[in-house]
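One structure is given below, encoded as structure tokens.
The values are calculated or read from the model by the stated rules, or taken from the named source; none is laboratory data. Note that the coordinates shown come from a computational prediction; the quantities given were computed from them, not determined experimentally. Neighbour counts are summed over all protein chains in view; Cβ atoms, including those assigned to glycine, are modelled from backbone coordinates with ideal geometry. SASA here: full protein model, heavy atoms, side chains in, ligands and nucleic acids out. Shrake-Rupley method; radii C 1.70, N 1.55, O 1.52, S 1.80 Å.
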Amino acid sequence: MADLTTKYMGLTLKNPVIVGACNLVTDSSNLKKMEDAGAAAVVYKSLFEEQIQLENLEIHESLTEYEERNAEMISLFPEIEHAGPEEYLINLRKAKESVSIPVFASLNAVYKEVWVEYAKQIEQTGVDGLELNFYNVPDSFVTVGLTIEEKQINIAASVKQAVKIPVSIKLSQFYTNPLKMIADLDKTGIDGFVLLNRLFHPDLDLNKEEHHFPYNLSNPEDGRMAMRFAGLAYGNINASICSNTGIFSGADVAKMILAGADCVQVVSTLYKNQISQITTILSDLDAWMQSKNYHTISDFKGKLSKKKTKDHYAYKRAQYIDILMRSSEIFKKYPML
């Protein structure tokens with residue numbers, strides 16, 4: 001059997017498969033199933049500052065809705081279900097205590113002060129690391145891209161200085177130059193990058209003529225962008241690389257590591273193929289490594305990265321041009337009627 005251990009953010013993981021942040025991890029029985037299936041670590045569902053703000057608003061409305069009522073009211077006391085991040089922190093601590101594998105928290109805030117304050121509170125739960133989910137929705141025609149990037153870099157540096165646990169950044173590809181953004185964030189001392197964030201987008205219901213927000217689980221083909229950036233980043237940054245999106249099988253994991261990833265995060269395959277898919281992924285990865293006579297992850301990590309590949313055009317624009325020049329090959333797979 002091959003040695004599947006790997007390093008991520010300074011931590012030794014028993015294998016490269018991490019369960020990404022999702023609703024599945026909020027159920028303690030699911031956490032145990034993930035651990036039993038072989039998951040090396042889990043990322044707990046994200047804490048969103050906007051959610052806390054909305055709940056605080058709802059609490060305020062509950063507390064004030066009786067101000068103008070009369071003396072015949074049945075009760076003066078509103079029902080309060082949430083009051084800030086405390087519920088999240090309690091559940092996060094329980095999740096950490098329920099399994100023996102590392103548990104990482106995920107945070108998505110708006111203001112720098114909140115990022116830092118919540119990061120400190122999260123650290124106190126005993127989690128093994130923190131994942132900062134950087135996600136900016138462009139809704140202004142005047143905001144300069146550099147302003148957004150500088151703000152996020154400043155947040156990363158501030159959080160890193162405020163806590164002692166490892167900190168990773170989850171990024172999307174939607175920057176003018178994602179590699180420059182990665183390099184600038186790397187200089188802050190960030191311990192890892194999760195590449196790439198899968199973003200949710202609104203859809204339109206034609207019958208009701210209104211917005212709705214469906215889940216958009218990934219497909220195996222969606223992993224190619226993550227693989228590209230793992231291949232480009234490998235050997236050029238100090239932080240660890242964790243590939244995310246479109247990872248369904250042991251073959252997908254092997255590809256990401258060949259490109260340069262230290263580990264991967266899986267979510268969609270667990271919804272589509274059950275939590276037990278983790279065991280299948282690890283078994284298939286082990287079988288592939290043995291077939292190639294690879295004894296450890298480091299034996300092939302980054303072998304097909306830009307830094308090590310013999311194909312100097314694999315990560316360049318020439319690759320795109322070559323695909324277009326061979327466009328007739330698509331008819332071999334999809335023959336025209």
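The number of residues in region 197-238 being among the β-branched types (Val, Ile, Thr) and closer than 21 Å to TYR135 by Cα comes to 0. Please name all residue pairs, on different chains or six or more residues apart, with Cβ atoms under 6 Å, provided the first residue is in region 18-42 and is of a type in the set (Ser, Thr, Tyr) and the second residue is open to solvent by 10 Å² or more (accessible area, probe 1.4 Å). Taking only residues 6 or more apart or on different chains, the pairs are THR26/LYS45; SER28/SER98. Looking across ASP252, ASP222, ASP262, one residue alone is touching a strand residue (DSSP E or B) at 6+ places or on another chain (Cβ under 6 Å) and of a type in the set (Asp, Glu). It is ASP262.
For region 156-168, give me each residue that is more than 13 Å from ASP186 (Cα to Cα), assigned to a helix (DSSP H, G or I) and of a type outside the set (Gly, Ala, Ser). Across region 156-168, the qualifying residues are VAL159, GLN161.
Any idea which residue in region 259-270 is farthest from the chain's Cα centre (by Cα), counting only those that are within 17 Å of GLU221 (Cβ to Cβ) and assigned to a helix (DSSP H, G or I)? Only one residue tops the list, namely ALA259.
Please work out which residue is surrounded by the fewest Cβ atoms within 10 Å (Cβ to Cβ), limiting yourself to region 5-29 and to residues that are assigned to a loop (DSSP other than H, G, I, E, B) and out of contact with any Pro (no Cβ under 7 Å at 6 or more places or on another chain). Going through the qualifying residues, I end up with ASP27.
Residue by residue, here is whether (1) crowded, with 18+ Cβ neighbours inside 10 Å; (2) under 29 Å from VAL163 (Cβ atoms); (3) modelled with pLDDT under 95 holds:
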| residue | (1), (2), (3) |
| --- | --- |
| LEU31 | yes, yes, no |
| MET34 | yes, yes, no |
| GLU58 | no, no, yes |
| ARG69 | no, no, yes |
| PRO102 | yes, yes, no |
| VAL127 | yes, yes, no |
| PHE134 | yes, yes, yes |
| VAL142 | no, no, yes |
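Look at SER283 and say whether it is assigned to a helix (DSSP H, G or I) and either surrounded by 19 or more Cβ atoms within 10 Å (Cβ to Cβ) or in contact (Cβ under 8 Å) with a residue 12 or more places away in the chain (or both). When the stated conditions are applied, SER283 passes them. Scanning for something within 20 Å of GLY192 (Cβ to Cβ) and in contact (Cβ under 8 Å) with a residue 60 or more places away in the chain, does region 267-278 turn up at least one residue? Yes, region 267-278 contains at least one residue that is within 20 Å of GLY192 (Cβ to Cβ) and in contact (Cβ under 8 Å) with a residue 60 or more places away in the chain.
Residues are listed down the side, and each one gets a yes or a no for (1) part of a strand (DSSP E or B); (2) within 16 Å of the chain's Cα centre (by Cα); (3) in contact (Cβ under 8 Å) with a residue 40 or more places away in the chain:
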| site | (1), (2), (3) |
| --- | --- |
| LYS120 | no, no, yes |
| GLU131 | yes, yes, yes |
| TYR135 | no, yes, yes |
| LYS170 | yes, yes, yes |
| PHE174 | no, yes, no |
| ASP184 | no, no, no |
| ILE190 | no, yes, yes |
